[in-house]
Amino acid sequence: MHQSDGSSGQIPGATPAIPGMFPTMFPLATGQPFGALPVMPVQAMTQQATRHARRVYVGGLPPTANEQSVATFFSQVMAAIGGNTAGPGDAVVNVYINHEKKFAFVEMRSVEEASNAMALDGIIFEGAPVKVRRPSDYNPSLAATLGPSQPNPNLNLAAVGLTPGSAGGLEGPDRIFVGGLPYYFTEAQVRELLESFGPLRGFDLVKDRETGNSKGYAFCVYQDLSVTDIACAALNGIKMGDKTLTVRRANQGANQPKPEQESVLLHAQQQIALQKLMLQPGAVSTKVLCLTQVVTPEELINDEDYEDIMEDMRGEGGKFGTLVNVVIPRPRPNEAAPGVGKVFLEYADIDSATKARAGLNGRKFGGNQVMAVFYPENKFAQGEYDA
């Protein structure tokens, strides 16, 4: 039986409620003088030793914030995301606010709960996003011996309006800021560009909270930290549409010195990134899909063969959405015909075209691996099939 108030004394040697727990070790009862003394110092020492790993720095507080409102807010959101691991009750045990500098130290009950709180970076408190970080006295190697140092990956961050997985891996000196992204770039396209240098540990495309649209910048951290400088140097300054990318370590100023990397390696990496995304005509989503390596000019000469291919393409393309038009340019005798060897599928909406691209790109048709890219709608409408 668990006593929280210590009113009824336990008898030494009585059967403990939990196997392996000895009631004489940390007695809750006041009737046992030999046990009452060591409890406080041990507890106090433990609290002192773990404080650096239980405290959370919260920056950018509004002027209206006070100790009570901060404590209540963080206890509530911790409960909402399922971040409380030390039993029922409030996760926050103490709050210190520096009003002049608009930050607070929020002390949690346990090391694990403080780590879970790291996932709350960017949460909206009284109408403004706040920074949630480790305090400057945080000792990572010591903290690692006290409990988990990363947030639990199964936290329900959506319950408090945060994107799961975005902030968790986005800490430390190797966090990269990616600015100047065209607004129409999707999360998947930005990820694809960044992952041409290696797998990511954390990624967050920052979006407008009202509209959900991209704000044109993102943060990421690579799994292999040695990639950080290479990716920054290779991507920084690249022109994308009418914008120029700014890519640097997030905690460094804009005047980042170029690392002493082999320029040949950088050039090669830059080429990979460019080929993957910028030079690919299909980077911007449209309603028109262009397939290559599906047909050969020879297959298009005979009228019956041509009709069969046309029918096949209507059937295949129609699986992904409403097809408005199918165009397969044919060879003309004695003159160059633009677009021969390509198949154009025009859909009623971008969503269908995007599904078709995902479903058809890389598929095998007659032994050939198909390439599917988006095609500019204006060129398609004007009959320009050779872009």
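The values are calculated or read from the model by the stated rules, or taken from the named source; none is laboratory data. Nothing here was measured: the structure is a model prediction, and the numbers come from that model. Neighbour counts run over all protein chains shown; Cβ positions are idealised from the backbone, glycine included. Ligands, DNA and RNA are stripped out before the accessible areas are found, and what is left, the full protein with its side chains, is counted by its heavy atoms. Shrake-Rupley method; radii C 1.70, N 1.55, O 1.52, S 1.80 Å.
Summary table below
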{"read-out": "Size-normalised alpha-carbon gyration radius of the stretch 51-160, reference 2.2 N^0.38 Å", "value": "0.97"}
{"read-out": "Added length on full extension, which subtracts the Cα-Cα distance from 0.36 nm per residue, N152 to E100", "value": "15.4 nm"}
{"read-out": "Per-pair calculated FRET efficiency, R0 = 22 Å: R133 and N66 via Cβ, rounded to 0.05", "value": "0.60"}
{"read-out": "Cα Rg over Rh - the stretch 176-252, Kirkwood", "value": "0.94"}
{"read-out": "Candidate residues K243, K364: accessible-area rank, largest first, probe 1.4 Å", "value": "K364, K243"}
{"read-out": "Accessible carbon and sulfur surface of the stretch 176-252 relative to its total accessible area, %, 1.4 Å", "value": "45 percent"}
{"read-out": "Calculated FRET value between D351 and E304, using beta carbons and R₀ = 51 Å, to 0.05", "value": "0.90"}
{"read-out": "Distance cut-off 23 Å, percentage of C-alpha pairs in the stretch 277-387 lying past it", "value": "22 percent"}
{"read-out": "Label-point gap, in nm, between R314 and R191 - each point 7 angstrom along Cα→Cβ", "value": "3.7 nm"}
{"read-out": "Neighbour cut-off at most 16 other Cβ (10 Å), DSSP loop, GluC sites (Glu not before Pro), the stretch 187-247", "value": "E210"}
